[in-house]
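Novice: I am attaching a structure below and will ask some questions about it afterwards.
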Amino acid sequence: MIAAVAMTVPMTLVHLSTVDIAIIVFYFGLVLTIGMYLRGRSRTGEDFFMAGREMTAWIAGLSFLSANLGSLELMGWAAAAYQYGILATHWYWIGAIPAMLFLGIVMMPFYYISRTHSVPGYLKLRFGEPSRALSAVSFALMTVLMSGINMYSMALVLKVVLGWDIHFSIWVSSATVAVYVALGGLRSAIFNEVLQFILIWAGALLIPILGLVEAGGWSNLRLQIARNASAEYTHLWSTLGNFKDNPMGIHWTGIVFGLGAILSFGYWTTDFLVVQRVLSAKDLRAAKMAPIIGATFKMLVPFIVILPGLLGLAVLPVKLTGETAALATGGHSYNEVLPLMLARYCGPGLLGLGITALIAGFMSGMAGNVSAFTTVWTYDIYRALLKKNESDAHYVAMGRWCTVLGVLISVGTAYLVMSFASIMDYVQALFSFFIAPLFGTVILGMLWKRATGPGGFWGLLAGTLSSISMWAWVKVDPAALRYVALSANARDMAENMYRALWSWIVCVVVTIAVSYLTKPRSDAELNGLVYGVTAIPREAEVPIYHRPTFWATVVAVLFVAANILFW
Amino acid sequence: MHAGGISIWFFIGLSLLVNGILIFGAGVWEIVRPPANPVVLFNLHANVWWGALLLILGLIYCVKFAPGRKT
């Protein structure tokens, strides 16, 4: 393997030494060892799909965050920080923290008490089979497609950064994920995600530390960014009063209502990829604490993602550009800022650890996608619609094969994208269509007992279709942007925020209207599913430092303080 | 959380320990034989102290969460 890895082509960003390659090979060996070791612990459906529901709050919380912390996330947002400045931090703070705390304190009791296996499973209990089928099929399809796109993007990154062959990267990394998830199920995915989380921090933390040393501290960094780019690049909120005043072309209403209230709540509270990790918690307190622990670390992630992008603006001797300009001029693109910073400070060994962090990020994201796909396919599609009364062992076997199948479909998608690059944009847009309306359906289902099955289904369908329609409208007629995003000056990100907001409103309005026209279920039927008719265990008997609400308050205060600090 | 007797934290300790040894060793080697094209801030020898830190943390975790040891 070392020989194969060492076969690099010239003109790459970094060159690995023997010790770097040894670190990467050791990582692959360790994750496979964990998968093989855990095989014997995944014999029942509860073990394979839910990790035995025995994870501690720390394990579930770190895994919850790690499943989202893919390498494309790391490199993409470092690039966004170079391009747009500190505004990119909004996707880590207001775009995540409130939603994660809300999941832990308000929503987790219903997910957990209902003993559901998945988010579509909750919709089945609350709204009936049609809602589950709609969300399960769309989630399963989009998850494997997104996994393939991420796989291709990562292989492309490894080719640019290290000169590795794209086919080699795709097959080695996907085969590794397939083996350890198929053997150990969700438990193996979670264990590896925690390992990957630690490696990501160990590999990436030195860049901001050394970068701040070189820049001469935060104050000097701000001065250098003001000189090289603009002083607005280091302000989080003060430039959001007008679309034209900030490099992202976005208004504060888009950030607060589109990103903070809809998109982030949609993703962090209803995307089964992340929620599945919390459902594996050993008890309700652990399930409530896990997202709060995740939120604490999420607040720190900008230190290893956004700060390197900002440091790139100050210390890199070259000016980075967009992909097209970089290809035309032979220069470097925004997306290369993190590898460039890695190569700037990290010598032999550290470079290998940094690259391992990127690979680990990619694999944790892929394992998250594959394990979530496997559960939704087996429980919410195969068992619900195709084979209802098979044995537990049959479903576990289906889960193992489905893991391999999911990886193969992802590989197929990766090759499809390789041939038709424009497909990537369409699939990424497709994924976004479901997030905001699904949040509308789930939140009404949990908090409003009058919501009915037909209301939930038609609201979800109408919200999704409205999102697709708005996207198509702007594609066909770009002038429609002024209506969808409230300004002709809005950029892509702003359009996404407002489209999410409108589709959520459509979903909620249709759900409410149809619910009032249809017959509600009795309180007894909704016990364990809806606020007001569910007995939720109280926290009063435990010391204050054991209470999730106390820690959620602490994180919320830190979140507000951080936003004010970088205003 | 234990994987049938072996804690996840033991695996993490093992990973930090091995990576720490390799990075620390590479850093010491660079002090003995400085590279022709050193990285920025080479004078801080980040790989030596970062490798040592990972090594120590890994060692602590390996001992504390060793298989068979009650934690």
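Novice: Dipole of segment A:212-323 (Lys/Arg Cβ +1, Asp/Glu Cβ -1, origin at the Cα centre): which of A:Val315, A:Phe257, A:Val274 lies farthest to the positive side?
Specialist: A:Val274
Novice: For chain A, what is the accessible area per residue in Å², given a 1.4 Å probe and the full set of protein chains?
Specialist: Values: 20400 Å² over 567 residues.
About 36 Å² of surface per residue is accessible.
Novice: Using heavy-atom solvent-accessible surface (probe 1.4 Å) with all chains present, what is the largest-first order of A:Val19, A:Val509? Don't jump to the answer; show the numbers that get you there.
Specialist: Working: A:Val19 30, A:Val509 90 Å².
The ordering from most to least exposed comes out as A:Val509, A:Val19.
Novice: Before anything else, pin down the relative contact order of segment A:119-221: Cα pairs under 8 Å, at least 6 apart, normalised by residue count, whole percent. Can you show the working numbers first?
Specialist: Details: 36 pairs, mean separation 10.5, N = 103.
For segment A:119-221, the relative contact order is 10 percent.
Novice: Heavy-atom accessible area per residue, segment B:2-64, 1.4 Å probe: how many Å²? Working shown, then result.
Specialist: On the way: 3100 Å² over 63 residues.
Ligands and nucleic acids excluded, the result is 49 Å² per residue.
Novice: Calculate the dipole size of the protein assembly as shown relative to its Cα centre from +1 charges on Lys and Arg beta carbons and -1 charges on Asp and Glu beta carbons; express the result in debye to the nearest 20.
Specialist: On the way: 38 positive and 27 negative charges, 227 e Å.
Rounded to the nearest 20 debye, it is 1080 debye.
Novice: Tell me, what HN-Hα J-couplings in whole Hz come from the Karplus equation 6.51 cos²θ - 1.76 cosθ + 1.60 at θ = phi - 60° for each residue of segment A:547-561, using x for Gly and Pro?
Specialist: Along segment A:547-561, the couplings run 8, x, 5, 5, 5, 5, 5, 4, 5, 4, 5, 4, 4, 5, 4 Hz.
Novice: From Cα pairs below 8 angstrom and at least 6 apart in sequence, can you work out the relative contact order of chain A, rounded to a whole percent?
Specialist: Value for chain A: 28 percent.
Novice: Additional query: Using amide H atoms built 1.01 Å from N in the peptide plane, name the residues 5+ places from A:Ser333, or on other chains, whose amide H lies under 5 Å from its own.
Specialist: Amide H neighbours of A:Ser333: A:Thr321.
Novice: Rounded to the nearest 10 degrees, what's the angle between the helix B:46-64 long axis and the longest principal axis of chain B, both from Cα atoms, 0 to 90?
Specialist: The two axes meet at around 10 degrees.
Novice: Heavy-atom accessible area of A:Ser118 with all protein chains present, probe 1.4 Å, nearest 10 Å²?
Specialist: 0 Å²
Novice: Between A:Asp523 and A:Leu408, what is the label-to-label distance in nm when each label sits 7 Å out along the Cα-to-Cβ direction?
Specialist: Output for this residue pair reads 5.3 nm.
Novice: Check A:Gly349: other-chain or 5+ apart residues with amide H under 5 Å from its amide H, H built from backbone geometry?
Specialist: Counting only residues 5 or more places away or on other chains, the set is A:Ser17, A:Asp20.
Novice: Before we go on, tell me the buried accessible area for the B/A pair, both chains summed, 1.4 Å probe, in Å² to the nearest 100.
Specialist: Numbers: alone 5230 and 21750 Å², together 24170 Å².
Chains B and A together bury approximately 2800 Å².
Novice: With θ taken as phi - 60° and the coefficients 6.51, -1.76 and 1.60, list the Karplus ³J(HN,Hα) couplings across segment A:130-144 in order, rounded to whole Hz; mark glycine and proline as x.
Specialist: Going residue by residue, I get x, 5, 4, 4, 4, 6, 5, 5, 5, 5, 4, 5, 5, 5, 6 Hz, with x marking Gly and Pro.
Novice: Further question on the same structure: How large, in percent, is the carbon and sulfur part of the accessible surface of segment B:2-64 at a probe radius of 1.4 Å?
Specialist: 75 percent
Novice: Within chain A, what's the longest run with no GluC sites (Glu not before Pro) in a DSSP loop and at most 16 other beta-carbon atoms within 10 Å? Give the range, please. List each step's numbers first, then the result.
Specialist: Values: sites that count: A:Glu390, A:Glu539, A:Glu541.
Counting only loop sites that pass the neighbour cut-off, the longest clear stretch is A:1-389.
The values are calculated or read from the model by the stated rules, or taken from the named source; none is laboratory data. If you're wondering where the values come from, they're calculated on a predicted model, not measured in any experiment. In this analysis, Cβ positions are derived from the backbone assuming ideal geometry, glycine residues included, and neighbour counts consider all displayed protein chains. Ligands, DNA and RNA are stripped out before the accessible areas are found, and what is left, the full protein with its side chains, is counted by its heavy atoms. Shrake-Rupley method; radii C 1.70, N 1.55, O 1.52, S 1.80 Å.
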